[in-house]
């Protein structure tokens, strides 16, 4: 029997075939997720933490935005979101962080019917601080920047912290769904 006809009888050949198939499967899975993975794939808790805006699957950003009744400005960049929409220990919550031009931020806050809160971000977000700790949301509000806190509601309901950084503004939005 020639070597060409007996290729399937060699264990090394099968190992290479299996590795090739698995490699193609992983590459395909990465493409299906839009080129990004959950940040904590090993974590079996209810929350999902992602670091990108173009996810496939049932919990993608457009689905979450519809669920919470939140819109995203078309010129938003650096979108990062965390979702706990399957929680047994509190309300469903969407944490959304993005950067927009300053004029867009003002228009976005007006569209949300946001009203200014007279406190700092940590005080105003005290209610959601428990949720942020529960879901390991790594938001920090560096001192020395002019953070402005707003609340909005009744639908959607939540808080937003805007931080002007020159010609852009970073928005940290927390939307709740009871």
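The values are calculated or read from the model by the stated rules, or taken from the named source; none is laboratory data. Given the structure is predicted, the values throughout are model-derived calculations rather than measurements. Every residue, glycine as well, gets a Cβ built from its backbone with ideal geometry; the counts of neighbours run over all protein chains shown.
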Inset, instruction - Find the residue count for the range 83-104, including only residues that are touching a helix residue (DSSP H, G or I) at 6+ places or on another chain (Cβ under 9 Å) and modelled with pLDDT under 85. - result: 11
Legend entry - Extreme residue, modelled with the lowest pLDDT, among residues of the range 105-121 that are farther than 13 Å from residue 158 by Cα and in a loop (DSSP other than H, G, I, E, B): 120
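Residues checked against (1) modelled with pLDDT under 70; (2) in a helix (DSSP H, G or I); (3) out of contact with any strand residue (DSSP E or B) (no Cβ under 6 Å at 6 or more places or on another chain); (4) exposed (fewer than 14 other Cβ atoms within 10 Å of the Cβ):
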{"site": "123", "(1), (2), (3), (4)": "no, yes, yes, yes"}
{"site": "133", "(1), (2), (3), (4)": "yes, yes, yes, yes"}
{"site": "140", "(1), (2), (3), (4)": "no, no, yes, yes"}
{"site": "144", "(1), (2), (3), (4)": "no, no, yes, yes"}
{"site": "150", "(1), (2), (3), (4)": "no, no, no, no"}
{"site": "154", "(1), (2), (3), (4)": "no, no, yes, yes"}
{"site": "160", "(1), (2), (3), (4)": "no, no, no, no"}
{"site": "166", "(1), (2), (3), (4)": "no, no, yes, yes"}
Inset, instruction - Kindly provide the set of residues from the range 44-82 that are closer than 21 Å to residue 139 by Cα, in contact with a helix residue (DSSP H, G or I) (Cβ under 7 Å, 6 or more places away or on another chain) and at pLDDT below 75, ordered by number. - result: 53
